[in-house]
1. Starting from the stretch 1-13, take each residue that is more than 16 Å from Tyr55 (Cβ to Cβ) and open to solvent by less than 70 Å² (accessible area, probe 1.4 Å) and list its partners that are of a type in the set (D, E, K, R) and in a loop (DSSP other than H, G, I, E, B), counting only C-beta distances under 7 angstrom and pairs at least six apart or across chains.
2. Regarding the stretch 162-174, can at least one residue be identified that is of a type outside the set (Ser, Thr, Tyr), in a strand (DSSP E or B) and modelled with pLDDT under 90?
3. Could you check the stretch 97-113 and list, in sequence order, the residues that are in contact with a strand residue (DSSP E or B) (Cβ under 8 Å, 6 or more places away or on another chain), hydrophobic (A, V, I, L, M, F, W, C) and either surrounded by fewer than 17 Cβ atoms within 10 Å (Cβ to Cβ) or under 12 Å from Lys128 (Cα atoms) (or both)?
4. Filter the stretch 176-189 down to residues that are among the aliphatic types (A, V, I, L, M) and surrounded by 10 or more Cβ atoms within 10 Å (Cβ to Cβ) and give me whichever is nearest to Met152 (Cα to Cα).
5. Does any residue of the stretch 148-158 turn out to be under 21 Å from Asp114 (Cβ atoms) and either open to solvent by less than 90 Å² (accessible area, probe 1.4 Å) or without any contact (Cβ under 8 Å) to a residue 60 or more places away in the chain (or both)?
6. Would a scan of the stretch 53-71 turn up a residue that is outside any strand (DSSP E or B), within 30 Å of Glu116 (Cβ to Cβ) and open to solvent by 30 Å² or more (accessible area, probe 1.4 Å)?
7. Test each condition in (1) open to solvent by 90 Å² or more (accessible area, probe 1.4 Å); (2) more than 30 Å from Val90 (Cα to Cα); (3) of a type in the set (Gly, Ala, Ser) for Ser173 and report the one that comes out false.
8. Asp53 passes all but one of (1) at pLDDT 95 or above; (2) over 19 Å from the mean Cα position of the chain (by Cα); which number fails?
Amino acid sequence: FGDAAFHVSATGGVSGNPVVFSVVSGPATLEDSEVTLTGAGTVTIKASQSGGDNYIDVDAEQTFSVAKGAQEITFNPIPDKTFGHAAFDVSAIGGARCNPVVFSVTSGPATIEDSEVTLTGAGIVTIKASQEGGDSYLDVDAEQSFFVAKAMQEITFTSIPDKTFGDAAFNLSAVGGASGNPVVFSVTSGAAPIERRT
């Protein structure tokens, strides 16, 4: 399906009358000897010649298959993102069939509703654009992958005033970042063991 219109030919019998073509069945139209395909399937064309006064009318048929036509989706690349990026839309231009392009998440930390992507974590996300071909075209898919980087976070660490050896043990205070994981304290230098973590 999608091939250009083409001509059929037949050699008539001895009556000398013209051979006339017609579509017996299938997705095609015919004008004189030119066949135009209108879909995929099986087409049967009949060649007929009138016998006139002295000969019997005669018919002959030929059958051929019309395969579904190919189509392509143009799926725009998706730039890399950072976790925390606002939801965004993806877009694709469908092929020859007028069916809608449907998006889905093939893999990775994201969800999609219609064409809107929401990131749910860091990693590699692959999104598929699909278009149904229907009766005359093949189904078609296209994929785009992009990387979601980890988001930055900050700790608000309350300053520690200077101390004198012999001062009582004291607590440290820090407000964690967006990950929600606990803040863990450690001594990077000096002689001050930490016994309590908050």
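The values are calculated or read from the model by the stated rules, or taken from the named source; none is laboratory data. Quick caveat: nothing in here was measured; it's all calculated off a predicted structure. Note that each Cβ is placed from the backbone with ideal geometry, even for glycine, and that neighbours are counted across all protein chains shown. For the accessible areas, the whole protein counts, side chains as well, though only heavy atoms, and no ligand, DNA or RNA atoms are used. Shrake-Rupley method; radii C 1.70, N 1.55, O 1.52, S 1.80 Å.
1. Phe1/Lys68
2. Yes, the stretch 162-174 contains a residue that is of a type outside the set (Ser, Thr, Tyr), in a strand (DSSP E or B) and modelled with pLDDT under 90.
3. Matches in the stretch 97-113: Val101, Val102, Phe103, Val105, Ile112.
4. Result: Ala178.
5. Yes, the stretch 148-158 contains a residue that is under 21 Å from Asp114 (Cβ atoms) and either open to solvent by less than 90 Å² (accessible area, probe 1.4 Å) or without any contact (Cβ under 8 Å) to a residue 60 or more places away in the chain (or both).
6. yes
7. (1)
8. Of (1) at pLDDT 95 or above; (2) over 19 Å from the mean Cα position of the chain (by Cα), only one is false for Asp53: (1).
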